[in-house]
Structures are given as structure tokens and as C-alpha cells.
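Each value in this text was obtained by applying a stated rule to the coordinates, not by laboratory testing. None of these values were measured; they are calculated from a predicted model. A quick note on method: Cβ atoms are made from the backbone with ideal geometry, for glycine too, and the neighbour counts reach across all protein chains shown.
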Amino acid sequence: MTTTLANRRRPEGAGGPEKGRPTRRVGSSSSRPGFIWALPATIFFGLFALVPLVAVAVLSFTSWSGLGDPKFVGLKNWEALFEDPVMLQSLWLSLLFIVLGIVTQTPLSILLGVWAAGNQKNRAILSAIYFVPLLLSSAAISVLWRALLDPNFGIPGQMSWLFGDGNVLGTQTGAIAVLIFVGMWQFTPFHTLIYQGAARQIPPVLYQAASIDGAGTVRQFFSITLPQLKNSIVTSVILMVVGGLTTFETVLILTNGGPGTGTTITAFHMYQEAFRRFDFGTGSAIALVLVVISTAISFAVVRVSGYDKMRSSMEGL
Amino acid sequence: MNNHGWVARTIAGGAALALGLTMAGCSGGSGASSRPENELHVAMYGDAGNVVEQKMIDAFNATSEVKIVLDKIPGGEYQSKLQTIMDTPTAPDIFFNWGGGSIKSFVDADLVLPLDDFIKEDPQLKDAFLPSVFETAVIDGKSYGVPMRGTQPVMLFNNSKVLTDAGISNPPATWEELLEDVKILKDKGITPIALGAGDRWPTLMWFEYLYDRVAGEGLFQKALEGDSSVWESEESRKALGMLRELVDAGAFGTNFDSVKFTDGGSPALLASGKAGFELMGSWEYSTQQSNDAAFAAEVLGYSEFPKIDGGKGDEDNLVGNTNNFYSIHKNTRYPETARDFLKLMYSDQFVQEQVAIGNLPTTTNTEKFLDKAADPEYAKYQFSLVKEAPSFQLSWDQAYPPEATVTILTAVSQFFSGQIDEDGFIKAMQSL
């Protein structure tokens, strides 16, 4: 490990062979690759992220049904938004979805990921099976679970001791539970993948040293594995937050925002306003709210976790 | 190298570009000049019935210089897609719709061609159709659509085997009989009425009939014209009270909110004998037929919605999709070609083809062909219902402009599941 670190830290040109060659091309700290290298990505980002973002910001101050020209209405959409009970409820629901998503998916994917990083018998086969949901589209997953949860002909019809009359999607609690469960089923494999990669990077010497000191598997997990996975946990949580805020297909297909408005989360509310009510002004305003919230949450997570300082979890090794 | 300057300039440039694009998008509008030459595009609701539309177009294209192209749009997204392309250069020349509220905003935005001049030249474009149906696409005295495909009244379907086993000899003719049948079926452990409330529009059908039978067709017409006070009228409350009574009697079981029609859930309830009735559009027949032809032909029964004593509405009034229509976009390059194509909609060939796949066109020559229908008895029954109905109310979610749909469907489903009461429902409808 020390060699890896040393390689990374070794000052530019110290190795000798570069002597006499122009140093710029290798890229020392004083002359990093020019901005030109970032141009393709910047253009794409500008065209497909910034331009629509600005357009949406402009639209949020207009009234537009998609026909004719947008009419400037000032702050009307925004005022209406803050008085819209469905909007306020949708923010709470989104928050609930994010929290429940993190709480259910993180422990499971850490455990699976750490397990999958090992070299047990059958590990490769079982891991491959666990990853199958990752290969399916959200729409396919939703249709699949919708059929499985049919109260008369699906699982609930056969397991009335658990599901009662099978009205799983007819109550708010039931509908939320289904969406959280399906989200877990769908996304745990992805986060497992992150943790598997991260767990493989943990130097075995740590475990060897710990077992010499008499630490058992559980102690090793909490004292070595978890702290070493910290940066991956932050990454995974940010992805879950942003993913949770933009959850859409499962809601559209499984619950349609119902019962009533019981699972109308913010992203679905946005779709409903823009593409069902054809009120693109309000839809754009909701979209901006989502952008602001997800940016703020991501910043906050990065700050609180110290991720922005990019401290290596292997310092001192 | 000053990276910050670059970034700032790029962002500023992006913003300017975005504004420019937005403006361009807004003023882009449409112009006949950008439309392809010798091509006429038809925006069509994509489903199994497209076979017939394609056949008619092929026949038309064989002799026409301007070729018609059928653009199929997946059904569920049809209205959204149409709304987003209507005011752009890629708008269709001819578009499928449901008349009424589905085209009102397009008419208001001056995007639809009035057909009155064409009708003056060729009165058949209007006279060849049943008047009550043609009226649906008349807005402010001008005609904007020609009926195509078929009429789809809502009827009370039943599983005759379940009814016979329960000792019910006839479908209910009155509301009291319906309540009685509900009780009998419920006591036998059968869900009396299948309801795909997960889709929400099947729930709306119950409101449409109750309001029509109790208050007559006038109440909804007034509401549509902007008189929201009718929702708190005595009749309105009576209709809501009766619906509540039906739900509370367990007519739909307890898990209807988790059942959908569109994924086959509620039709399966009826077909498997787990439910006795289902209130549904005439397409219930073809749905059942594609699952189990023998069930549709022998066991599936159908009747009119029961009459309600003391109600103001005629017992023969119907609700549902009065018909589908073709309308012409104002900016089409070839209005005459479009007109010639629309004339096919009352041709013998068109009617025959539609009848053969189970649709029921509403032309005056339809009756001649009913013997050739997939199920002549069913076709004749439906046709007589539509022909004799004093009023045929277009589904509320189609009669109102699309932006009202979410509010209506949310309100009806919340009322059925008990999340809102009468006052909540009235308030929701008054907000439209």
C-alpha cells in the first residue's frame, strides 16, 4: 500500500526519464489539461441540462398550455404553488420516500455488497441472480409487481393472513409500502455493486491485524469495514436522495399517484400538472423546486459528511 | 489560462441560447410551407382497431396523388402527445379525437378547420350520421369533426351463470332491484359488482349514470357551461347519497381500489364468476371475447343501466363515448384531400369493415350491415339503444377540457374510497 501512495505523491518529473521532454503534456499542477478537453462534455451539459433549465425557469413565470404563445403572468404560478395542498403534501411524501428508501436499502446493500466482495463458494452465481432486477426497466418492474399484487388473482389473494382483503394499493400506507418495497427490490442491486467494489478495495492487512488482536467477524465489520466504506456510503446516499426525488415510473404505473393523492410525490405532481392538466407554467415551477431541493440536499450531504475534502479512508496506511 | 472567464461566458451564452430557443419555439407556430409535399399525416389512437384505418388509407392511397400516412400513437399517451404537437410544424393534418372537450382548446386556439363549407357542398358529410352523435363535435354552432370508428355506450354487463346460480332471473331494471341483487350476491360470498377503480375512469361511469338518471341530462350541461351551483343542488346530493349507499352496501367489495380494468383485473373477476356485474363501455364485449370467445358469446349478459324512480332523467338516456371523430388541422396543406378522405367515413366499405371487428359506426347505413357483425344480436341491441336514446352524454372526462380530467378522476375515486364526503366532492367539482 505504501508504494501506491508513494507513486501518487511522487512529484512530477522526479523519475528522471522525462528529462528533456516538455513537461506540459504530462500535466503538472501548474499546467493542467486545457479547457478544450472539457468542451464536449460542457457543450452536452449546456445543451441538455443548462438550456432546458433556463427555459423551464422562464416558463415558470408564464401560463402556457402548449398551444399558442406562453403568456407572462409574473409570480402567479409560484404563489399558487405555495398554497397548493397537494404540492405541500407531495414534498412531505417525497421526503418520506427518500428516508424510507435509504433506511431500507442501505443496510441491505452494505451487507450484500460486503458479502459479494468475498470469495465464497457459489458467490458469483448468487450475485448474478441478485443483480437481475438491475437489468429490468422500471416500467417492466412496475407492470410485473402490479400483476403480482392483484388482490383477486395475485399473491394477496393467496395470502389473506398477511394481506387481509388484498386492498394493498387502496390504502395510503399500503401503497407507500408497496412503492418502497419495489424500490428496494429494484435498486438494492445497484447499491450492492457500489459496496462490493468499495469493500474489495479495503486492504486485507487491516483484517489480518484485527484478527491477530482477537477481533471477531462482527467486530471487524463494525470497526474496519463500515468506516472504510464511509465515502461509498456518502456516494450511495446522494444517489438515493436524487433518485428518490425523481422516482416516477413506479408511481405512474403502480399507483397513479393514488389512492386519491396518497402517493402523489413531487415528481409525479410535476408530470400531472404539465402533461395531464397541460399547465406547463406550474409544471415548470415544480420542476425548479425539485432542482433547488435536490441540489441543496446534495450539497448538505457532501458538507456534513466531509466528502468535499476528499479525505482518503486509507490515510496512514 | 483563465478558466473562470470561460465558464462564466459559457453559462451566459447558454442562457442566451435558451431564451432564444424558447422564443423560437413559441413563435415557431406552424406554416403550411414546412409540411411535406404530397403527404397527409393522420394522428391515430394506437390500438388493435388500427387494422381497419390502415385498410381505408391503403384504399384511398391507391387512387390519390397525395398519400395519407397513419401515425399511430400509443393510446394512453394520445391526448398528451396531441396537445404537445398541435401547435408545431409537425402537427398532424387529420387527427383522431372524442369531440367535445377533447378539441375545445384546439378550436379556441384556432387550430381546427370548420367543416361547414364542405358540408354545404356535400350534405352527406353531416346527414349520413345519427344527429345525436354528430352534435358532439359541434362547438359554438360550427362542425369540427366527422364521426369515425364507432359509438361506445356504457352498459351494465353481467355473468349470467352467476346470476342464475344465485336465483336472479333478470338483470335489474330498477335501482331497488340492483340493491337487492347486490345483497343476494354479497350473501353468497361473491363480489356483487366488479370495479376497476385503480384506473379511476370506471368509477366515473357510476357518477355519470346516477346524475343523469336522478337529475336529468340538464344538470351536467349547466355545469359544463359554467354554472357550478348545480353541484350543490338537491338532486346532486341525492345522487351522491345513492352512490354512497351502494358503496356502503358492499356492492364493489372492499379492495376495488387495487383492481384495474386496463390490466385485465376487473374483466377477469366477471369472467371467473367472482363478480356478478360490471358497468363498462361496449368494449367489454371485445375484451372478454379476446380472452374467452365462448364466455362472451354464451355467458356474458348485458342490459341498460337501471331506471331510478322519481328521477328526472329518461330511463333510456345513455352515457359513454358517443363516437370517435376525425378533425382537420387548419394549417393542412391539402384540405380538399382531407375532405375526400373524410367522405369515406360513411362509405359502405368503411361501415362493413368496422362492424366486422365489433365496432358500431353511427351512420344511417349501419343498420343494413348489422347482420354481418361479429355478434349480430349484440350489435343490434347497442344500435337500438343509441338510436332511441333521448340523450347520449359524452363521458365527463371527455366533455370537460383535458385539464379538468385529473380533478374529476381524483374526486370520484376519493369519494368511492371514503377519503372525501359529499361536500368534498361538490367542492372539487365546483373548482373546475
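Comparing B:Ala137, B:Ala294, B:Ala43 in a Gaussian network model of chain B, where Cα atoms under 10 Å apart are tied by springs, the biggest mean-square fluctuation is seen for B:Ala294. Here the extension length gained between A:Thr295 and A:Ile43 equals 88.6 nm, from 0.36 nm per residue of separation less the Cα-Cα distance. Cα convex hull, chain B: 183 Å³ per residue, rounded to a whole number. In region B:237-262, which residues have a backbone nitrogen under 14 Å from the label point lying 7 Å from B:Ser290's Cα in the Cα-to-Cβ direction? Counting backbone N atoms under 14 Å from the label point, the list is B:261-262. Listed by Cβ neighbour count within 10 Å, with the fewest neighbours leading, B:His41, B:His329, A:His191 appear as B:His41, B:His329, A:His191. The magnitude of the dipole of the protein assembly as shown, with charges of +1 and -1 set on the Cβ of Lys/Arg and Asp/Glu and taken from the Cα centre, is near 5300 debye. With both labels modelled 7 Å from their Cα along Cα-to-Cβ, the B:Asp116 to A:Trp78 distance reads 4.5 nm. Counting only DSSP beta bridges whose two residues both lie in the protein assembly as shown, roughly 60 percent are antiparallel. Remark: relative contact order (region A:126-262) = 35 percent; criterion is Cα-Cα distance under 8 angstrom and separation of 6 or more residues. The ranking of A:Arg146, B:Arg200, A:Arg200, A:Arg276 from fewest to most other beta carbons within 10 Å of each one's beta carbon is A:Arg200, A:Arg276, A:Arg146, B:Arg200.
Averaging the Cα positions of each part gives two centres, and for region B:39-76 and region A:94-173 these lie 42 Å apart. In terms of its Cα atoms, region A:55-149 spans 65, 30, 27 Å along the principal axes, sorted from long to short. B:Asn359 sits among other residues whose Cβ lies under 10 Å from its own Cβ, and their net charge, with Lys and Arg +1 and Asp and Glu -1, is 0. Toward the positive end of the charge dipole of region A:85-309, with +1 on the Cβ of Lys and Arg and -1 on the Cβ of Asp and Glu, the farthest Cα among A:Ala177, A:Phe248, A:Tyr195 is that of A:Tyr195. Within chain A, which complete DSSP H helices have Cα atoms spanning at least 30 Å along the helix axis and a mean Kyte-Doolittle hydropathy of -1.0 or higher? Both cut-offs are met by A:85-117, A:172-200, A:280-305. Inverting the pair-averaged 1/r between distinct Cα atoms of region A:185-231 gives 11.5 Å as its Kirkwood hydrodynamic radius. The antiparallel fraction among DSSP beta bridges confined to chain B stands at about 60%.
Taking a ≥ b ≥ c as the square roots of the Cα gyration tensor eigenvalues, region A:85-309 comes out oblate, since a/c reaches at least 1.5 and a/b does not exceed b/c. Extension gain for A:Ala128-A:Leu239 works out to 37.7 nm (0.36 nm per residue, less the C-alpha to C-alpha distance). Dimensions of the protein assembly as shown based on its C-alpha atoms, expressed as ranges along the principal axes with the largest first, amount to 97, 66, 50 Å.
Computed from the C-beta positions of A:Val143 and A:Val99, the FRET efficiency with R₀ = 22 Å rounds to 0.25.
Here region B:177-320 was treated as a single set of alpha-carbon atoms; its pair distances binned every 5 Å from 0 give 2, 10, 17, 21, 20, 15, 9, 4, 2, 0 percent.
Of the residues B:Tyr326, B:Tyr381, B:Tyr346, the one that moves most in a GNM of chain B with alpha-carbon contacts below 10 Å is B:Tyr381. Pairs of Cα atoms in region B:101-229 fall into 5 Å distance bins, from 0 up to the last occupied one, in shares of 2, 8, 12, 14, 14, 13, 10, 9, 7, 5, 3, 1, 0 percent. Relative to the current alpha-carbon distance between B:Gln349 and B:Ser228, full extension at 0.36 nm per residue lengthens the span by 39.1 nm. Counting only other chain Cβ atoms within 10 Å of each residue's Cβ, the peptide A:150-159 averages 5. Take every Cα pair under 8 Å whose residues are at least 6 apart in sequence, average their separation, divide by the length of chain B, and the relative contact order is 24 percent.
Per-residue ellipticity at 222 nm, computed for the protein assembly as shown from helices alone with -39500 (n - 2.57) per DSSP H run of at least four residues, works out to -15500 deg cm²/dmol. Shape analysis of region A:206-288 based on the Cα gyration tensor places the equivalent ellipsoid semi-axes at 47, 14, 7 Å, largest first.
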